[in-house]
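**Q** To start, I am sharing the structure in question, which I have written as structure tokens.
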């Protein structure tokens, strides 16, 4: 691993992975990205541990469970620049609609018991399933966020613009390039 | 009734008083009523059969109620905490000294009562009683001698300023309405007193309703209005009852109505009752409410002086302001202007409450210091505790800390200290009060009383309250505190009416003097950020971006 | 017609007597952001987005309700105003459940557009997320209170243009809500003429055609201006 190339990471918290799909829709530009930077940690690369220092991290999804929370905190500490990537990370979006049903137990009861038609049971006793946080929140409610890239999902062109600007050492200027939803 | 008949009525009544060997006044104002003074009045009547035993209004030291005065010949004694079973002894004058108010009690001797001069003295339910005390004399004199312009001029010269809180020069306002074009004009007395801890107007309306009517009639004459409304909050049933009674009495006797005191001046008064919304104390919301609409403010300009009730030029004054009018007209602008400070003339009524020995209603010359009010008149802090702050101006005001106690109270000095004169509520707080909690209390009040029309007030108060909650729960970060301060600035400058514009004041003033109390609950907590060296980036305008600031574009 | 001349952002502008700062600015192609204002309806000055700085006034004044005065100096763009507008939009976005991605008005929403124009890429406040009902009792239209910004355009168009006054506001502060008749289900309203004007003027997805799916609700609020203009001409004839 070259130490001089910019180090990138992406993470997928409470969201639908649509933002990562949009990221993959960079298509041929992924080759250009691979040439310009190392993607060290991401759902789309086979890395199991978080690298100690990352230059730019894109976070998709809201904070919905303890797992999300822990991963977000680790990434924040190690990332020099952290981006809220997509509406769930920026606003809570669809993920946060869960809050309208009430606290975690009410959400689980509704999803796994009340609305279930096969073996209704609330999956809280299985240790592999991370406990839900009381309230889904956008990531800047938990950690310092350096840049917000809204969109559901952000368009690949917007992702490409932001990433290339940052790699060039400039703050992206979103004027006229973005929207919620 | 003509002026001569008015004088005769007063004279006759005074002679009747003189002929009575024993006269007893029992406070039947809200404070004493809630302490059971109705039963005391009944007991006094039973103990002094054949004597003149009657209800009076507020005497001031409400925490010591029920209050009663007994006049035997020329000697007057005042009794406090009088229970019905002590009534007979009070009539005889043989009572435990604990129940006797000393004539030298500083609570009374340090006051100067102009607006409240008849409060607690006359029977508010009898027109003749008020007339014997001099009611409507000023009105008669104004109608006889002064042109409307002269009235406005005198008021301007007196230096009287609006007692509702903003302190706008009353004479100037009257002149604006007088000069406004249009045939139909209105006068409104704003009795929608809603600040927590404020009950000055209630006391005036309950204790001396004719004084308010007289001020309104003079105002009507001065500005060219033939119709007035008194807007009283629904939570003041006693005030509503007595004002209703006073309007009926004055109208029946020809003091109000088609021909005021036998002159060509016509002036009718109606009482309107609020339905419980604090925002209706704001003049445009109050006007909407009288018109029968939803009590919501509208942007000013145009001001009510141009476009007011039913679209007509309207003079709207606070009850206490109007109650000061008759004494000014009668005793002269120069006399009034000789009282107070260079910018704030006359006296101000304050409702003293909180951690103070004597809670109640007081009237003092402008320029009296907070220390005199709290320690001399108020009797200091109970339980040997230290004073921490005095809150003035209710939810629109601020907290003045102990080190500024020697500040003379006037409009300008309180504003300089980050508070306001406000309508006159004064809440004393001792060392056990948490100032963050005080700010949160007032924010909760504003949140619940916001009408919902404009978003900074409707949602800003909710967000500010949440942030204060978070600070109280020791969950907040320094970023939250910065956000709270930013939001205070936004809400203050972008809200539609005074409610929202002043809602941040309790936060801003406690932050100004008690910031350490906020910080102690935050303990330098910050939002989690990188432990690595931040990325150095150049923003579009060429300067180096501060990486930790977040995604501004 | 008498004319007033004033300065807007260092530019000299003439306006008709009685014209608002907002109307005069629009005529000269100067955009001032708005949400509650709609040409053809009365102005209420409620959304506070059009606040401008007027020399000599300590307070910011809403451009929609403030008449142009001869010689006045107005600033409609400044860093301070920008910050206030951004914060106000944040307060709007955090107040109810504006989830653009699943909204019928996605891509055609005035709140969404204002956020983009003013660069509100995120909201610093807690999302309040109140639990609010959706009333689908009307044959053709629905009202989703989760997306209502209380601009009162529906109230005004129904009262001032349709003359039905089906809509009004209930409750106070954060609890305020638009209602039909005496807070009855819209479908039970006896005053509603089902004209749909309220739906067309609603700036967000709060009022919608029941057939619309996410992003499918495209509205034409400009009819109010045309209709009012035509009525005024007819009356003057």
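The values are calculated or read from the model by the stated rules, or taken from the named source; none is laboratory data. From a predicted model like this one, the values you see are computed outputs, not experimental measurements. Cβ sites come from the backbone with ideal geometry, for glycine too, and all protein chains shown count toward neighbours.
**Q** Can you spot a residue in the stretch B:13-20 that is more than 31 Å from the chain's Cα centre (by Cα) and under 30 Å from residue B:267 (Cα atoms)?
**A** Yes, that holds for at least one residue.
**Q** Filter the stretch C:75-108 down to residues that are buried (at least 24 other Cβ atoms within 10 Å of the Cβ) and touching a strand residue (DSSP E or B) at 6+ places or on another chain (Cβ under 6 Å), then give me how many there are.
**A** Summing the residues that are buried (at least 24 other Cβ atoms within 10 Å of the Cβ) and touching a strand residue (DSSP E or B) at 6+ places or on another chain (Cβ under 6 Å) in the stretch C:75-108 gives 1.
**Q** Here's a follow-up. Counting just the residues of the stretch B:465-479 that are farther than 19 Å from residue B:447 by Cα and in a helix (DSSP H, G or I), which one comes out farthest from the other protein chains (Cβ to nearest Cβ)?
**A** Selected residue: B:478.
**Q** Let me ask something else. Could you tell me how many of the residues in the stretch B:70-87 are in a strand (DSSP E or B) and under 17 Å from residue B:360 (Cα atoms)?
**A** Within the stretch B:70-87, residues that are in a strand (DSSP E or B) and under 17 Å from residue B:360 (Cα atoms) number 2.
**Q** I'm trying to understand the selection: among the residues of the stretch C:161-176, which are over 17 Å from the mean Cα position of the chain (by Cα) and within 14 Å of chain B (Cβ to nearest Cβ)?
**A** Passing the criteria: C:165, C:170, C:171, C:172, C:173, C:174, C:175.
**Q** Next question. Can you spot a residue in the stretch B:50-62 that is in contact with a strand residue (DSSP E or B) (Cβ under 6 Å, 6 or more places away or on another chain), modelled with pLDDT under 95 and part of a helix (DSSP H, G or I)?
**A** Yes; the residues of the stretch B:50-62 include at least one that is in contact with a strand residue (DSSP E or B) (Cβ under 6 Å, 6 or more places away or on another chain), modelled with pLDDT under 95 and part of a helix (DSSP H, G or I).
**Q** Right, here's the next one. Among the residues in the stretch B:234-253, are any touching a strand residue (DSSP E or B) at 6+ places or on another chain (Cβ under 6 Å) and not in a helix (DSSP H, G or I)?
**A** yes
**Q** Continuing with this model, one more query. Would the stretch B:186-196 turn up any residue that is farther than 30 Å from residue B:441 by Cα, assigned by TED's automatic domain parsing to the domain that holds residue B:330, surrounded by fewer than 24 Cβ atoms within 10 Å (Cβ to Cβ) and in contact with a helix residue (DSSP H, G or I) (Cβ under 6 Å, 6 or more places away or on another chain)?
**A** yes
**Q** Looking at the structure I just gave you, is residue A:181 within 14 Å of chain C (Cβ to nearest Cβ), modelled with pLDDT under 95 and touching a helix residue (DSSP H, G or I) at 6+ places or on another chain (Cβ under 9 Å)?
**A** So residue A:181 fits the description; yes.
**Q** State the number of residues belonging to the stretch C:179-213 that are touching a helix residue (DSSP H, G or I) at 6+ places or on another chain (Cβ under 6 Å), part of a strand (DSSP E or B) and closer than 30 Å to residue B:444 by Cα.
**A** The qualifying residues number 1.
**Q** Also: Within the stretch B:487-512, how many residues turn out to be in a helix (DSSP H, G or I), farther than 16 Å from residue C:60 by Cα and within 20 Å of the chain's Cα centre (by Cα)?
**A** Counting residues in the stretch B:487-512 that are in a helix (DSSP H, G or I), farther than 16 Å from residue C:60 by Cα and within 20 Å of the chain's Cα centre (by Cα) gives 2.
**Q** From the list B:509, B:502, B:495, pick out the single residue that is out of contact with any strand residue (DSSP E or B) (no Cβ under 9 Å at 6 or more places or on another chain) and either closer than 21 Å to residue B:400 by Cα or more than 10 Å from chain C (Cβ to nearest Cβ) (or both).
**A** Result: B:502 is the single residue among B:509, B:502, B:495 that is out of contact with any strand residue (DSSP E or B) (no Cβ under 9 Å at 6 or more places or on another chain) and either closer than 21 Å to residue B:400 by Cα or more than 10 Å from chain C (Cβ to nearest Cβ) (or both).
**Q** Return a yes/no flag: does the stretch C:90-112 have any residue that is free of Cβ contacts under 8 Å to residues at least 24 places away in the same chain, within 21 Å of residue C:195 (Cβ to Cβ), more than 9 Å from chain A (Cβ to nearest Cβ) and assigned to a loop (DSSP other than H, G, I, E, B).
**A** The answer is no, given that none of the residues of the stretch C:90-112 is free of Cβ contacts under 8 Å to residues at least 24 places away in the same chain, within 21 Å of residue C:195 (Cβ to Cβ), more than 9 Å from chain A (Cβ to nearest Cβ) and assigned to a loop (DSSP other than H, G, I, E, B).
**Q** Filter the stretch A:77-128 for residues that are surrounded by 20 or more Cβ atoms within 10 Å (Cβ to Cβ), within 14 Å of chain B (Cβ to nearest Cβ) and part of a helix (DSSP H, G or I) and give the result.
**A** A:78, A:87, A:89, A:90, A:91
**Q** Could you tell me whether any residue of the stretch C:20-32 is outside any strand (DSSP E or B), free of Cβ contacts under 8 Å to residues at least 40 places away in the same chain and at positive phi?
**A** yes
**Q** Could you tell me how many of the residues in the stretch C:54-73 are out of contact with any helix residue (DSSP H, G or I) (no Cβ under 6 Å at 6 or more places or on another chain) and in contact (Cβ under 8 Å) with a residue 60 or more places away in the chain?
**A** The qualifying residues number 5.
**Q** Name the residue that is nearest to the other protein chains (Cβ to nearest Cβ), counting only residues in the stretch C:2-19 that are more than 16 Å from residue C:76 (Cβ to Cβ) and touching a residue at least 12 places away in the same chain (Cβ under 8 Å).
**A** C:18
Residues are listed down the side, and each one gets a yes or a no for (1) at pLDDT 95 or above; (2) more than 30 Å from residue B:370 (Cα to Cα); (3) assigned to a helix (DSSP H, G or I); (4) under 26 Å from the mean Cα position of the chain (by Cα):
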| site | (1), (2), (3), (4) |
| --- | --- |
| B:89 | no, yes, yes, no |
| B:107 | no, no, yes, yes |
| B:115 | yes, no, no, yes |
| B:124 | yes, yes, no, yes |
| B:130 | yes, yes, yes, yes |
| B:138 | yes, yes, yes, yes |
| B:141 | yes, yes, yes, no |
| B:151 | yes, yes, yes, yes |
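**Q** On the given criteria, is residue B:515 assigned to a loop (DSSP other than H, G, I, E, B) and surrounded by fewer than 17 Cβ atoms within 10 Å (Cβ to Cβ)?
**A** In short, no.
**Q** In this structure, does residue C:85 turn out to be out of contact with any helix residue (DSSP H, G or I) (no Cβ under 7 Å at 6 or more places or on another chain) and closer than 28 Å to residue C:231 by Cβ?
**A** no
**Q** Scan the stretch B:539-553 and tell me whether some residue there is assigned to a strand (DSSP E or B), modelled with pLDDT under 95 and facing another protein chain (nearest Cβ under 7 Å).
**A** No, there is no match, as no residue in the stretch B:539-553 is assigned to a strand (DSSP E or B), modelled with pLDDT under 95 and facing another protein chain (nearest Cβ under 7 Å).
Every residue, every condition in (1) farther than 25 Å from residue B:294 by Cβ; (2) at pLDDT below 95; (3) within 14 Å of chain A (Cβ to nearest Cβ), yes or no:
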| site | (1), (2), (3) |
| --- | --- |
| C:123 | yes, no, yes |
| C:136 | yes, no, no |
| C:154 | no, no, no |
| C:159 | no, no, no |
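**Q** OK, next. Under the condition of being touching a helix residue (DSSP H, G or I) at 6+ places or on another chain (Cβ under 9 Å) and in a loop (DSSP other than H, G, I, E, B), which residue from the stretch A:48-76 is nearest to the other protein chains (Cβ to nearest Cβ)?
**A** Checking each candidate, the answer is A:53.
**Q** Give A:42, A:116 a once-over and let me know the one that is free of Cβ contacts under 8 Å to residues at least 60 places away in the same chain and over 25 Å from residue A:170 (Cβ atoms).
**A** A:116
**Q** For residue A:172, state whether it is surrounded by 14 or more Cβ atoms within 10 Å (Cβ to Cβ), over 17 Å from the mean Cα position of the chain (by Cα) and closer than 29 Å to residue A:53 by Cα.
**A** Considered against the rule, which asks whether it is surrounded by 14 or more Cβ atoms within 10 Å (Cβ to Cβ), over 17 Å from the mean Cα position of the chain (by Cα) and closer than 29 Å to residue A:53 by Cα, residue A:172 comes out as yes.
Per-residue answers, yes or no, for (1) more than 14 Å from chain B (Cβ to nearest Cβ); (2) within 19 Å of residue C:92 (Cβ to Cβ); (3) at pLDDT 95 or above:
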residue: C:178; (1), (2), (3): no, yes, yes
residue: C:184; (1), (2), (3): yes, no, yes
residue: C:187; (1), (2), (3): yes, no, yes
residue: C:194; (1), (2), (3): yes, no, yes
residue: C:203; (1), (2), (3): no, yes, yes
residue: C:217; (1), (2), (3): yes, yes, yes
residue: C:223; (1), (2), (3): yes, no, yes
